[in-house]
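Notes follow the structure.
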Amino acid sequence: MKYQVAIIGGGPAGYTAAEAAGKAGLSVVLFEKKSLGGVCLNEGCIPTKTLLYSAKVYDYAKHASKYAVNVPEASFDLAKIIARKSKVVRKLVLGVKSKLTAHQVTLVQGEACIVDPHTVRCGEETYTCDHLLICTGSETFIPPIAGIQEVNYWTHRDALDNKEVPRSLVIVGGGVIGMEFAAFFQTLGVEVTVVEMMDEILGGMDRELSGLLRAEYTKRGIKFLLHTKVTGVSQIPEGITVTYEQDGTEGTVCGEKLLMSVGRRPVLNGFGLENLNLELTERRNVKVDEHLQTSVPGVYVCGDLNGVSLLAHTAVREAEVAVNHILGRNDAMSYRAIPGVVYTNPEIASVGMSEEALQASGVSYRTVKLPMAYSGRFVAENEGVNGVCKVLLADDDTLLGVHLLGNPASELIVMAGMMIEDRRKLSEWKRYVFPHPTVGEIFRELI
């Protein structure tokens, strides 16, 4: 049971590292205690986007008349939407497994436990390795709210498998996960209330655009309770009552269902991490260098466990960097341009610095902003919908941050991220020929 690389966790970081190492000819063993693909593929990124796309299609059908198309009675079948989500997940999980098998990666189903930097035990078997990659991901965080253990609340996992449409839903947490589920259920006709402790939704995203997205969903019927602390929950025959405090005043809101979505935290326990005596950061995450190597040589931590960026695409890149370091290739991790996307309708996406971060750092900048209507393609495909393209520039016009509200922001943001990563200036967008008409032409209109 001797391998050159042992990997704990089969999520985006783990399976990417396993494929890259196996492709390079290294002997690899990958341990996964649940399902290959991790949270992202099985109960996160992919299933939520599958549901959201069904909701988007339904929404387009309901409002088809805006595009001179008649759809007499648009309807949906939630059970079939959930079934399609499960089919998509199964297909992609099989795809991941096929790629790993093709590169001779040994897959071990079970709970791995670290004995030392070069030894891992799983069940009755012991495995030794030259290099150890820890990619254990994160888990849902449930705050110690009074009564929370006595009520039948949802996590994102429960919401993904629910086959009946509730009359009303209270979502505690207005972050990315909370807002995506709010968008999904509101589109299906559910009365949604979002309770957020901060004074704006989507903390970390551009505040101005987050406010515009909130205003759009307010018009659609979602109720937002901002700067609001949940103080207790209780079960009632009709559902769940949420007690809260807002600006010194107490109140209550009731919903047939309650979704807890206040964030995630790295998985630190249950697999022998303490046996490595790794150096931690002030926030109790595992400290890594630019190659994702920990304070113990040969031990790497990729993904949510290092706490730098709890995003699947960050984890994928970190895994590539770690394997390249093992292989002796020149590579290093950069967090300069990590995109963030919220797959609501409209989408919102950001990369680089926000105005709030620049102001906090005392960095001089200027803002260039255009309505997305400057793109002919956007106008053609978004009847009666507004959007914003916002760019933050250094004094020499180097791109510092780009923030988009409007579809398809998730596909456009990568172009901005590449410019920011390479420290390009705004005027350089004029050097590239964009196909016409495309929404991406908005970047050339900024100049």
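Every read-out reported here was derived from the displayed coordinates using simple, explicitly stated rules and does not represent laboratory data. Given the structure is predicted, the values throughout are model-derived calculations rather than measurements. All Cβ positions, glycine included, derive from the backbone under ideal geometry; neighbour counts span all protein chains shown.
Of the peptides 184-194, 85-95, how do they stack up when ordered by the mean number of other Cβ atoms within 10 Å, highest first?
Most protected by this proxy first, the peptides run 184-194, 85-95.
Counting DSSP beta bridges with both partners in the stretch 148-262, what percentage is antiparallel, nearest 5?
If we restrict to bridges inside the stretch 148-262, about 50 percent are antiparallel.
Find the relative contact order for the stretch 340-445 and round it to a whole percent, using C-alpha pairs within less than 8 Å whose residues are 6+ positions apart.
Reported as a whole number, the value is 32 percent.
Once Rh is set to the Kirkwood radius over Cα pairs, what Stokes-Einstein translational diffusion coefficient, in µm²/s, holds for the stretch 362-447 at a temperature of 20 °C and a viscosity of 1.002 mPa s?
D, rounded to a whole number, is 164 µm²/s.
Within the P(r) computed for the stretch 178-295, what percentage of the Cα pairs occupies the region above 23 Å?
49 percent
Once you sort the root eigenvalues of the Cα gyration tensor of the stretch 291-447 as a ≥ b ≥ c, which label holds: rounded (a/c under 1.5), prolate (a/b larger than b/c) or oblate (the other case)?
prolate
Name the most mobile residue of L426, L327, L310, meaning the one with the largest mean-square fluctuation, in a Gaussian network model of the chain with Cα contacts below 10 Å.
Its mean-square fluctuation being the largest, the pick is L327.
Tell me the GluC sites (Glu not before Pro) within the stretch 382-447 that lie in a loop according to DSSP and have at most 15 other beta-carbon atoms within 10 Å.
E383
With both bridge residues required to lie in the chain, what share of the DSSP beta bridges run antiparallel, to the nearest 5%?
Around 60 percent antiparallel, to the nearest 5.
Given a Förster distance of 41 Å, report the FRET efficiency between H118 and F141 from their Cβ-Cβ distance, rounded to the nearest 0.05.
The value I calculate is 0.80.
Note the full-extension length gain between S98 and E111 as 0.36 nm times their separation in residues minus their Cα-Cα distance, in nm to one decimal.
Result for the pair: 2.5 nm of gain on full extension.
Give, in nm to one decimal, the length gained when the segment between T128 and A360 is fully stretched (0.36 nm per residue of separation minus the Cα-Cα distance).
Gain on extension, T128 to A360, equals 78.8 nm.
What shape does the stretch 230-346 have by the C-alpha gyration tensor, where a ≥ b ≥ c are the square roots of the eigenvalues, rounded means a/c under 1.5, and otherwise prolate means a/b greater than b/c and oblate the rest? Present the calculation step by step, with values, prior to reporting the outcome.
Working: a/c = 3.15, a/b = 2.17, b/c = 1.45.
Prolate.
Mind checking the stretch 228-285 for trypsin sites (Lys or Arg not before Pro) that DSSP puts in a loop (not H, G, I, E or B) and that have at most 11 other Cβ atoms within 10 Å?
R283, R284
Of the residues S65, S138, S354, which exhibits the maximal mean-square fluctuation in a Gaussian network model of the chain defined by a 10 Å Cα contact cut-off?
The residue that fluctuates most here is S65.
So I have (1) 20.8, 70; (2) 23.1, 66; (3) 23.4, 76, and one of them is Rg and Dmax of the Cα atoms in Å calculated from this model. Which one is it?
From the options (1) 20.8, 70; (2) 23.1, 66; (3) 23.4, 76, the structure gives (2).
Pick from Y67, Y217, Y15 the residue whose mean-square fluctuation is largest in a GNM of the chain, springs joining Cα atoms under 10 Å.
Among Y67, Y217, Y15, the largest GNM mean-square fluctuation belongs to Y67.
Treating the beta-carbon of each Lys and Arg as +1 and of each Asp and Glu as -1, no other charges, what is the dipole magnitude of the chain about its Cα centre, to the nearest 20 debye?
1180 debye
How high is the relative contact order of the stretch 148-262, given as a whole-number percent (alpha carbon pairs under 8 Å, six or more residues apart)?
Values: 220 pairs, mean separation 41.0, N = 115.
The normalised contact order for the stretch 148-262 reaches 36 percent.
What is the spin-label model distance, in nm, from A215 to Q4 if the labels are put 7 Å beyond Cα along the C-beta direction?
5.7 nm
For E290 paired with T367, estimate the spin-label separation in nm (one decimal), with each label point 7 Å from Cα along the Cα-to-Cβ line.
Calculated label separation equals 3.3 nm.
How much length is gained on full extension from S234 to D161, taking 0.36 nm per residue of separation minus their Cα-Cα distance?
24.0 nm
Just check the stretch 11-167 against the gyration tensor rule for me: Cα atoms, a ≥ b ≥ c as the square roots of the eigenvalues, rounded for a/c under 1.5, and otherwise prolate or oblate depending on whether a/b exceeds b/c.
oblate
Mark the label point 7 Å from the Cα of E383 along Cα→Cβ and return the residues of the stretch 41-77 whose backbone N is within less than 16 Å of it.
Under cut-off, by backbone N: 57-74.
If R₀ is 56 angstrom, what is the calculated FRET efficiency for the pair S35 and D395, using the beta carbon separation as r and rounding to 0.05?
Calculated transfer efficiency: 0.70.
With a point put 7 Å past each Cα toward its Cβ, work out how far M418 is from E245 in nm, to one decimal.
5.1 nm
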